[in-house]
Amino acid sequence: MQDISSLKRNAWMEVNLAAIRHNVRTIKSLMAPTCKLMAIVKADAYGHGAGVCARAMASAGAQQFGVATVQEALELRQSGIAQPIVLLSEPPVETIDLLLENDIMPGVTSSEFVLAYGECAIAHDMVGKYHLALDTGMTRIGIPAEDAVEFRRLVDFHRGIVCAGTYTHFATADTIGDWDFRRQVQRFTDAIRALHEAKLYPGIVHCDNTAATMLYPDIQFDMCRVGIALYGIHPAESTVELAELEPAMSIRARITRVANPRIGDGVSYGMTYRVNTPYMQIATIPIGYADGLSRSLSGEMDVLVHGRRARQVGRICMDQCMFAYPLRSMTSSTMAPELAVGDVVTIMGSDKDEYISADEIGQLRHTIAYEVLCNFSARLERVYVS
């Protein structure tokens, strides 16, 4: 257990940087030696802390970083990241000065933006680098892939801009044999081929997301964009056998109250749970839905304490929740050790031989591990493990 004596609250997030570095090296071992790794650190590195994690990733071999917003890119620069940063969408025109001042490459989806970008670059006596986003079928961002040559011919006259990369994003790469995925691949490769035939340099070509990087090494091109796997979570069941990843995030709390209620006593708002045995403790931990522990998990999830699973009971509150700890089972007269204020409880992570994963929590919430990680909020202090 790391030193948490300086924490201001009895609930916290642990981030294992050794796991982050391991995952980067593991993913790179699946890539061609000449292929670059863009580490995706948007949403504050999926809740893990972008600046610290990006430095760990860079030390393990990540060559570029991808983010979703200008603010995320600026925070990376302010944390000391010098590697190329790509904004994977087109930001407001009003941010162009910031992009140029901080060497942030925008994803481009319109001629209006890229020409304004070029004008501003000239005014600063610079050349603005950008990545061209192609829509190959996901219908989210990008110009239609078949218009790539026409778009480049429309804007390439401008001496203030240069295309540093061309990319697309796959919607179904995690589904082996999917027809839509293969159609997206074909549209993308056709567009890249057309650019080359028109003698329009596409820059760094990248299309593989995490699942595609692991499942389809034949389309890694010049760079792969990897996100969730760097944090130790597989993007799909189909990738589990391909690499041993180490989850980096754990969520823990200390017990703040232990009650020995009577039979029939209720727990939390609405009293949706009532104690049905005298051999039961109800413990409170200071973490709730304002911290990312979804209220929809009420009465459905487990926590770990003393290496054992215990069921969360009652409705999860904004700042706290409770769990039930049986002191004796129905089939045994042996009494378990009582809980005490200050005992450590694991909400996500490992405790001795037991483990609760982000995938487990996601399934209970009818969502994905990505959302679970991102939802654990900045209100939880982070403890970084080397």
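The values are calculated or read from the model by the stated rules, or taken from the named source; none is laboratory data. Predicted model only: the values in this text are computed from it and were never measured. Cβ atoms come from the backbone with ideal geometry, glycine included; neighbour counts cover every protein chain shown. Calculation scope for accessible area: heavy atoms of the full protein, side chains included, ligands and nucleic acids excluded. Shrake-Rupley method; radii C 1.70, N 1.55, O 1.52, S 1.80 Å.
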Å² of accessible area per residue within the stretch 217-285, as computed with a 1.4 Å probe and no ligands counted | 46 Å²
Note the full-extension length gain between Met318 and Ser29 as 0.36 nm times their separation in residues minus their Cα-Cα distance, in nm to one decimal.
-> 99.8 nm
The size of the Cβ-based charge dipole (Lys, Arg +1; Asp, Glu -1) of the stretch 125-194 about the Cα centre, to the nearest 20 debye, is 160 debye
Excluding Ile356 itself, calculate the net charge of residues whose Cβ lies under 10 Å from the Cβ of Ile356, where each Lys or Arg counts +1 and each Asp or Glu counts -1.
-> -4
For Glu381, residues with placed amide H under 5 Å, excluding near neighbours | Met13
Positive-pole candidate from Cys163, His131, Ile40, dipole of the chain, charges at beta carbon | Ile40
Taking all protein chains as present, what is the carbon and sulfur share of the accessible area of the chain, in % to the nearest whole number, probe 1.4 Å?
-> 50 percent
Whichever lysines have a C-alpha closer than 27 Å to that of Lys352, once near sequence neighbours (fewer than 8 apart) are set aside = Lys8
In whole Å, what is the distance between the alpha-carbon centres of the stretch 219-252 and the stretch 116-188?
-> 25 Å
For the chain, modelled as a GNM with alpha-carbon contacts under 10 angstrom, which of Val15, Val86, Val155 fluctuates the most?
-> Val155
How large is the dipole of the chain about the Cα centre if only Lys and Arg carry +1 and Asp and Glu carry -1, each at its Cβ, rounded to the nearest 20 debye?
-> 1080 debye
Taking a straight Cα-to-Cα line shorter than 27 Å from Lys129, and setting aside same-chain lysines fewer than 8 residues away, one finds Lys28, Lys36, Lys42, Lys199
From the coordinates shown, Rg and Dmax of the Cα atoms in Å corresponds to which of (1) 24.5, 84; (2) 22.8, 73; (3) 19.8, 59 | (1)
Any chance you could check the Cα centroid distance between the stretch 18-36 and the stretch 293-360 for me, in angstrom?
-> 35 Å
For every other residue with a beta carbon closer than 14 angstrom to the beta carbon of Val114, add +1 if it is Lys or Arg and -1 if Asp or Glu, then tell me the sum.
-> -2
How would you order 44-52, 107-115 from highest to lowest mean count of nearby Cβ atoms within 10 Å?
-> 44-52, 107-115
The stretch 283-329, dipole about Cα centre (Lys/Arg Cβ +1, Asp/Glu Cβ -1), debye to the nearest 20 | 240 debye
